[in-house]
Amino acid sequence: MPVHPAPSSPRLSRRRVTAGLGALSLSLALGLSLAPSAIAKNDGGRGNSGSTPAVDAPGQLVDLQLLAFNDYHGHLEASTPGSIYGVPAGGAEYLATALATLREGNKYSLTVAAGDLIGGSPAFSGLFHDEPSVESLNAMELDVSSVGNHEFDEGVTELLRMQDGGCHPVDGCYFPDEPYPGADFQWLSANVVEEATGDTPLPGYWVKKINSIKVGFIGMTLEATDTLVAAAGIQGYDFLDEIETANALVPELEAQGVDAIVVLLHEGASQTPPPGDVNACVGITGPVVAINDGLDPQIDAMITGHTHLPYNCLLADPAGDPRLVTSAYSYGRVVTEMNLVLDKRTNDVRRDLSTATNHLVDQGSLQPDPTQTSIIAKWQPLYDAAGTTPVGTITADIVRGGTPPGSDRGVESPAGNLVADAQLWSTSASGAQIAFMNPGGVRSDLRYAQSGTEGDGVVTFGEAFTFQPFGNTLVTYAMTGAQIVSVLEQQCQPIGSSRPFLHLGVSAGFTYDLQKTIAGGNCTAVTISNVKLNGVPLDLAGTYQVTVNNFLADGGDNFTTFGAVTTPRLDGGNDLLAMTNYLGTFSPVAPPSTDRVNEL
């Protein structure tokens, strides 16, 4: 398959400073467990490179530390990632310190990521097209990352600017004397190809020589990326099967003398029940399990993301040998430390000696990194000028679904219903009767407690942006009652999807009964009944004016019925403006009820 190959050694190796912290003292310093966990272990006792030598001669084995994270989403500020396991965690200042501390004493260490480093970000980074996010990652000495679906939020052209540098084509340079320099790390996009040429917009893989051993990294996003981002920015590009793409690259890497291979994949899984312990692999389900089952046994490890959940697994590859498969939660709140043992005799990974540990980035146990503090201080005046203006008030927290909020997109939530209410109100002049909102488009919670000095209950523009950051356009068009029911049925996602059920936010006055079956991490059945608008049963043959954002209108998140509607589209303006105007008009706004959908 055609790829955009990467150079074998794009940067000189960085030597880490040894500070004399052993494993025990490092554990105490970070407040972390260094013991590896592998619940789903299939103990093969050897790597995939043939029989394990009986005796390891001195100097034959090389230790390579991989520090990995995923779904950073521009969470520079310590206040935005939120707590996990009851502990405030993440933020650029603390993530950087955790990485630096874990590197100590390791001669060979690489920092890698599994996508969604940008996009869907809080206002502090998102208002500036995630240039702050990339600056912070450069300072963390990130080496390489796969792309994720959110890297494509503003399209392929903008992603290439984020990689290569240059001022934004509309907003220009935020610091005229300091143009955006681009990413020091390399994004990889092995399964993203231009239809006209078959080429990838970014390299498909990256190779690094460790001592005398070449280690290859294949980077991919999930095949379903084209269902998760606005179609306009990815026109002319295909997103290919993850298994077929990676397996096709194995012989190409082997021809270059690369036998140690790691996949960086922006696709995920979930423990049962989620989130599970940070170092566990209990009841693991989701697309990554099937992908692991199909990946070539020559691939030694898989570092994943997308589902914003933690797991630390040993899963059997097709040859029956155990393969490390990990995910580090989200927002920089966890770092995976994968210690690969490389063998000079085979130039491959000794899987029987390799381990992985997920470390909590506990703000209370770490000192903030001064370089990251200075980056935040650099951008703070620009954010203050744009983000601290009050736009309205609320009477209580307005949260997303799940515990903690945002962890479950498969349930009705006050946040999703609030967005639907705002969009219905904003487009009422176009005759809108019903509005729907995709749960993944709501990226934070609106909290009653002040985040700065604005006062309790006050919602600032920055908070509203973080809540709804994608800048979508509202669309109002005519749908039949039957099409509306079809959309509700499509909340039950296709078998193998990362999230089995995506619960749409619905506007006030629209109600229905829902019965669904989730088994083995998949939605296997759904029944929609008793659908009413303002208490009147929905007429399947009737016509209704429906408002959605352009992402849903184009069939995003597998809501293909929205995309198949052929009636004229009325432009409803910017979705964030609809939200801020709604808050300004109806303040103080109370959390919408979650009784619009009756789950049986």
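Rule-based calculations on the coordinates, nothing more; no lab input. Predicted, not measured: the structure shown is a model, and the values here were computed from it. Note that each Cβ is placed from the backbone with ideal geometry, even for glycine, and that neighbours are counted across all protein chains shown.
Can you bin the stretch 243-321 into rounded, prolate or oblate? Criterion: square roots of the alpha carbon gyration tensor eigenvalues sorted a ≥ b ≥ c, rounded for a/c under 1.5, prolate for a/b above b/c, oblate for the rest. Because a/c hits 1.5 or more and a/b exceeds b/c, the stretch 243-321 counts as prolate. In this simple spin-label approximation, R569 and A319 carry label points 7 Å from Cα along the Cα→Cβ vector, and these lie 4.9 nm apart.
When the Cα positions of N358, Y544, L533 are compared along the charge dipole of the chain, N358 comes out farthest toward the positive end, with charges on each C-beta of Lys, Arg, Asp and Glu. A Cβ-based charge dipole, computed about the Cα centre of the stretch 387-481 with Lys and Arg at +1 and Asp and Glu at -1, lands at about 240 debye. Placing unit charges on each Cβ (+1 for Lys and Arg, -1 for Asp and Glu) gives the stretch 313-460 a dipole about its Cα centre, and among S327, P439, Y383 the Cα reaching farthest toward its positive end belongs to S327. Remark on G332: its backbone amide H falls under 5 Å from those of N70, a criterion applied only to residues 5 or more positions apart or on other chains, H modelled at 1.01 Å from N.
Charging the Cβ of each Asp and Glu at -1 and of each Lys and Arg at +1, and nothing else, the dipole of the stretch 249-400 about its Cα centre rounds to 400 debye. With 0.36 nm allotted per residue and the present C-alpha distance subtracted, the D384-D177 stretch has 72.5 nm of extension available. Basic side chains Lys and Arg get +1 at the Cβ, acidic Asp and Glu get -1 at the Cβ, and with that the dipole of the chain about its Cα centre reaches some 960 debye. Placing a label point 7 Å from the Cα of A139 along the Cα-to-Cβ line, the residues of the stretch 86-107 whose backbone N sits under 17 Å from it are 90-101.
With semi-axes defined as the square roots of five times the eigenvalues of the C-alpha gyration tensor, the equivalent ellipsoid of the stretch 107-176 measures 21, 14, 11 Å, largest first.
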